[in-house]
Amino acid sequence: MRHASIGAGVRKGDGIELWIPITIAAAFLQNLRSMLQKHLKGRLSTGGATYARFIYAVPFAVIYVAGLAAAPGFDLPAPHATFAIYIVIGGLAQIVATALLVTLFSFRNFAVGTTYSKTETLQTAIFGLVILGDQLSGAAVAAILVSLTGVIALSSSQSGVGLGRLLTAWTERTALIGLASGAAFGISAVSYRAAALSLGGEGVWIQAAFTLACVLCFQTLVMGGYLLWREPGQIKAVVAAWPVAIWVGIAGMIGSVGWFTAMTMQNAAYVRALGQIELVFTFLAAHLVFRETSTRLEVTGILLIMGGILILLLG
């Protein structure tokens, strides 16, 4: 699958540092998009809200690609079979991952499963190594493990599920669904990176933008077909919700531009590990804006996540 051309997309001087602020901005915008999506929850089903995120992002993604292509130094990439395969795998994997995550909420002990889904970063590292040969430094491995410990501690505190319970529940159905969700998210991240890099050339920005636009178009078609089949009334509801949904699409698209660009520049596992700073943003908003009290375990979890991020950046 043309793996030789994939390695050519990583350039030291071009993105080794720039991917850091891009990822942080993407994490912040993802947090913002999630907040906006909550306003759609009462009007749309889960499928409808997901569809709104895709369809309202497509026009802006296409405009972004067209703008870059019109600028000097950016040539529009030529898609090929390998690119299309990675787009389909990544797009479907992300939809499946989201569906599995939503499925967990139908179980009484869903907290166990959602915690296990947080292994996404670790699984992304494994898939990146297997599919693309992306290797991690010792510091990066340590950073991912420290952050994962922090995420588990944070989830344990917020869900009320003890750490001991989490460690012994890995064979339960919800835990397995959570692991599968994390695996699918990992596969999607690595597939998007592979798709962008398979385009070749020296334009990381246009490679990432073109990949994002193709993914969004594909996911819009898939989700649109699903809604017409299973929830036909949701199409009309999505259109009616445009005053809020359009902002979900814009925030989601800009955030995705950050994720796709960063993952084209850098190992997807590094990007997802740094992206866990989103949890820090959420924690700070809850503590400083909404004046919510924090437990000792929550604070410990956040400190571990921040420690893992520092190890990643300084290692």
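Since every read-out is calculated from the coordinates, none of them should be taken as a lab result. This is a predicted model, so every value here is computed, not measured. Quick reminder, even Gly has a Cβ in these numbers, built from the backbone with ideal geometry, and neighbours come from all protein chains shown.
Annotations
- Distance between modelled label sites at residue 106 and residue 81, nm, 7 Å Cα→Cβ extension: 3.8
- Remark: the stretch 3-314 carries a charge dipole of roughly 780 debye about the Cα centre, counting +1 on each Lys and Arg Cβ and -1 on each Asp and Glu Cβ.
- Residues of the stretch 260-300 with amide N under 20 Å of the 7 Å Cα→Cβ point at residue 38: 276-295, 298-299
- Taking 33, 43, 230 in turn, the Gaussian network model of the chain (Cα-Cα springs below 10 Å) assigns the largest fluctuation to 230.
- Which of 263, 35, 253, 306 has the fewest Cβ neighbours within 10 Å, and the rest in rising order: 35, 306, 253, 263
- Coordinate range along principal axes, alpha carbons of the chain, Å, largest first: 53, 51, 38
- Ordering 34, 112, 262 by the projection of their Cα atoms onto the charge dipole of the chain, which places +1 on the Cβ of Lys and Arg and -1 on the Cβ of Asp and Glu, puts 112 at the extreme positive end.
- Longest DSSP-loop-exposure-free segment, chymotrypsin sites (Phe, Trp or Tyr not before Pro), the chain, at most 16 other Cβ within 10 Å: 171-289
- For the stretch 40-117, the spread of Cα positions along the three principal axes, ordered from largest to smallest, is 55, 31, 18 Å.
- Most mobile listed residue (197, 288, 274) in the chain, GNM with C-alpha springs under 10 Å: 288
- The chain - mean residue ellipticity at 222 nm from DSSP helices (-39,500 (n - 2.57) per run, n ≥ 4, rounded to 500): -25000 deg cm²/dmol
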